[in-house]
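Quick notes on the structure that follows.
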Amino acid sequence: MRVVFRSDGADASTRPVSDNEIRGDVPAASKPLRVAIAHDYLTQRGGAEKVVLSMAKAFPEAVIYTTLYDPDNTYPQFKGMDIRVSPLNRIGALRRNHRAALPLLPLAASSILIDADVVLVSSSGWAHGFRTTGSKAVYCYSPARWLYQPESYLGDAAGWKKRVALAAMTPALKAWDRRAARSCDAYFAISNAVVDRITAAYDRSSTVLPAPATIETEETPEPVASVEPWVTEGYYLCISRLLAYKNVDKIIEAFRGTDRRLVVVGRGPEADNLRRTLPDNVRMVSDLSDSQIAWLYRNCAAVVAASYEDYGLTPIEGAAYGKPAALLRWGGFLDTAIEDVTAVYFDEPEPAQIRAAVTRLETIRWDRRRIVEHVLRFSDEHFAAQLYDIVDNLASTGTRKVSP
């Protein structure tokens, strides 16, 4: 059975309709399939939040459930959607800093009950633990990094207090996390690297489902004032959350003392440390509009990323503008870029290797048309079609329950 959308009357609302309804075997008004969406927290602008927007585009009547929602710090497209939150959302400080809520998030996640036939879960830590009366399909960016990759999550700069606190909480959090994973009916991984991680953490299989790249290449994007003087001289672009494992500090060091320019876009706990010793040829900006980010992609020379990335969205976004990338040879970047066609790789996130990769990038005569064509395999339409199949399969075999 395939799920499609149709208009359902005067209010022009949409809902999933099966092939059986189209043929007339089932009355269109009888018990439409109820699909909901779950996400860890909507408190930032990142690739995971873009995936949620794509899910909502595929299922426009689905309610979105999350632990925390901060409309001022996530994508404005969420405003006006039906978003249900946990009681934790009443605490403003936690909405603005979800990491501070870590000890409370298992309780918050377990407090959410979703009454739906199928729940599409977008998660790297908490939403797979939301209870539901129907089936759960998890789109997993990674099993919780703070539990299974604590060193890369914390980074070298983390103090002993953070390390001790996390170590003390880990046994209970892992028990909750694995129990939550057992309550799910199917797992889908954002990349091949995450397939292996899901197997190691939960001892269960998963299928790779590439994330969509929702890109609209605007004709008249909005300039970023602090970067505009560099347009004629050229600059490289790094868009990333400012977390230790993203290795933005190593990229900055690779540009330090050179005549190349770098623009870093992002927010996160490493921001103050990075700004403290920022060289003159690097600009850091944050809280940009989609139009401003489009302007940065359009005018940059190339994208640079050195993160241990589960997927690797920024090189796809850059490729939509015909821009090549210099990338860490690891994880998701191996799934989303093609060596010497859309990108060059470096083997370790070290300044010398990053610098050498950028130098090599500058020697290649890039075929912009081939780079743009590469993006077509990551379309919203392709992603939505696979979601419809997932929902259909679960709806045809699912049983009502309350889990976990």
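All of the numbers you see were taken from the coordinates with simple rules; none came from a lab. As the structure is a computational prediction, the values presented were derived from the model and not from experiment. When we count neighbours, we look across all protein chains shown, and the Cβ atoms used for this are built from the backbone with ideal geometry, even at glycine.
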Quiz item: Over the stretch 213-341, with a single point scatterer placed on each C-alpha, what log10 of the ratio I(q)/I(0) does the Debye formula yield at q = 0.23 1/Å?
Solution: -1.60
Quiz item: What 222 nm value per residue comes from the helices of the chain, counting each DSSP H run with n ≥ 4 as -39,500 (n - 2.57) and dividing by all residues, nearest 500 deg cm²/dmol?
Solution: -10000 deg cm²/dmol
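Can you tell me which of 275-288, 181-194 comes out highest on packing, and rank the rest after it, using the mean Cβ neighbours within 10 Å? Display every interim value, and only then the final one.
Working: 275-288: 13.9, 181-194: 21.0.
Output ranking for 275-288, 181-194: 181-194, 275-288.
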Self-check item: Cα-based reach from Lys161 at 20 Å (exclusive), listing aspartates and glutamates while leaving out same-chain residues under 8 positions away
Solution: Glu151, Glu270, Asp272
Self-check item: R0 of 35 Å, Cβ-Cβ distance Arg179-Gln386: FRET efficiency to nearest 0.05
Solution: 0.80
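Can you give the percent of C-alpha pairs in the chain whose distance is more than 28 Å? Kindly include the intermediate steps, with their values, before the conclusion.
Working: 39598 of 81406 pairs.
Pairs farther apart than 28 Å: 49 percent.
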Quiz prompt | Which listed pairs, of Lys57/Lys246; Lys162/Lys246; Lys250/Lys323, have C-alpha distances above 24 Å, in listed order | solution = Lys57/Lys246
Practice problem: For the chain, find the longest principal axis of its Cα atoms and tell me its angle to the long axis of helix 380-397, 0 to 90°, nearest 10. | Solution: 30
Self-check item: Cut-off under 5 Å, modelled amide H: who pairs with Arg84 long-range
Solution: Ile64, Tyr65, Thr66
Self-check item: Rough spin-label spacing in nm, given labels placed 7 Å along Cα→Cβ, for Ala200 and Gln77
Solution: 3.2
Self-check item: Distance (nanometres) between label positions extended 7 Å along Cα→Cβ at Lys57 and Val208
Solution: 2.3
Practice problem: Just name one of Cys300, Leu104, Met55: the one whose Cα is farthest towards the positive end of the charge dipole of the chain (beta-carbon charges, Lys/Arg +1, Asp/Glu -1). | Solution: Leu104
Exercise. Per residue of the stretch 118-134, in order, report the coupling 6.51 cos²θ - 1.76 cosθ + 1.60 (Karplus, θ = phi - 60°) as ³J(HN,Hα) in whole Hz, putting x for Gly and Pro.
Key: 9, 10, 8, 9, 9, 8, 9, x, 10, 5, 5, x, 5, 7, 8, 8, x
Exercise. Quick one: what are the phi-derived ³J(HN,Hα) couplings along the stretch 75-82, Karplus 6.51/-1.76/1.60 with θ = phi - 60°, whole Hz, x for glycine and proline?
Key: 5, x, 4, 6, 5, x, 7, 7
Exercise. Give, in nm to one decimal, the length gained when the segment between Arg96 and Ser396 is fully stretched (0.36 nm per residue of separation minus the Cα-Cα distance).
Key: 104.0 nm
Exercise. Read phi for every residue in the stretch 274-280 and hand back ³J(HN,Hα) as whole Hz from Karplus 6.51 cos²θ - 1.76 cosθ + 1.60, θ = phi - 60°, with x for Gly and Pro.
Key: 5, 5, 4, 10, 5, x, 5
Practice problem: For the chain, with a Gaussian network of springs between Cα atoms less than 10 Å apart, report the residue from Gly332, Gly234, Gly129 with the top mean-square fluctuation. | Solution: Gly234
Quiz item: Relative to the first principal axis of the alpha-carbon coordinates of the chain, what is the inclination of helix 160-182, with its axis defined by its Cα atoms, in degrees from 0 to 90 and to the nearest 10?
Solution: 40
Self-check item: Highest average packing first - 45-55, 101-111, Cβ atoms within 10 Å
Solution: 45-55, 101-111
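Compute the length gained on full extension between Arg163 and Thr363: take 0.36 nm times their separation in residues and subtract their Cα-Cα distance, giving the result in nm to one decimal. Kindly include the intermediate steps, with their values, before the conclusion.
Numbers: separation 200, 0.36 × 200 = 72.00 nm, distance 4.35 nm.
Stretched fully, the Arg163-Thr363 segment lengthens by 67.7 nm.
What is the packing order of peptides 247-258, 80-91, 315-326, taking the mean over residues of other C-beta atoms within 10 Å and listing the highest first?
Values: 247-258: 20.9, 80-91: 15.2, 315-326: 24.7.
Order by mean packing, descending: 315-326, 247-258, 80-91.
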Quiz item: Lys/Arg Cβ at +1, Asp/Glu Cβ at -1, dipole of the chain taken about the Cα centre: which of Thr207, Pro351, Ala180 is farthest positive-ward?
Solution: Ala180
Quiz prompt | Inter-label distance, nm, simple model (7 Å from Cα along the C-beta direction), Thr258/Leu113 | solution = 5.7
Quiz item: Top mean-square fluctuation among Ala168, Ala200, Ala357, Gaussian network model of the chain, C-alpha springs under 10 Å?
Solution: Ala168
Exercise. Can you tell me the 0 to 90 degree angle between the C-alpha axis of helix 351-361 and the longest principal axis of the chain, rounded to 10?
Key: 90
Quiz item: Under 5 Å between amide H atoms, partner at least 5 residues away or on a different chain: which partners does Ala189 have, H built in plane at 1.01 Å?
Solution: Cys140, Thr207, Val208, Leu209
Exercise. Name the residues whose placed amide hydrogens come within less than 5 Å of the amide hydrogen of Ile239, ignoring near sequence neighbours (fewer than 5 apart) on the same chain.
Key: Val265, Val304
Self-check item: Size of electric dipole in the stretch 228-377: Cβ of Lys, Arg +1 and of Asp, Glu -1, about Cα centre, debye, nearest 20
Solution: 260
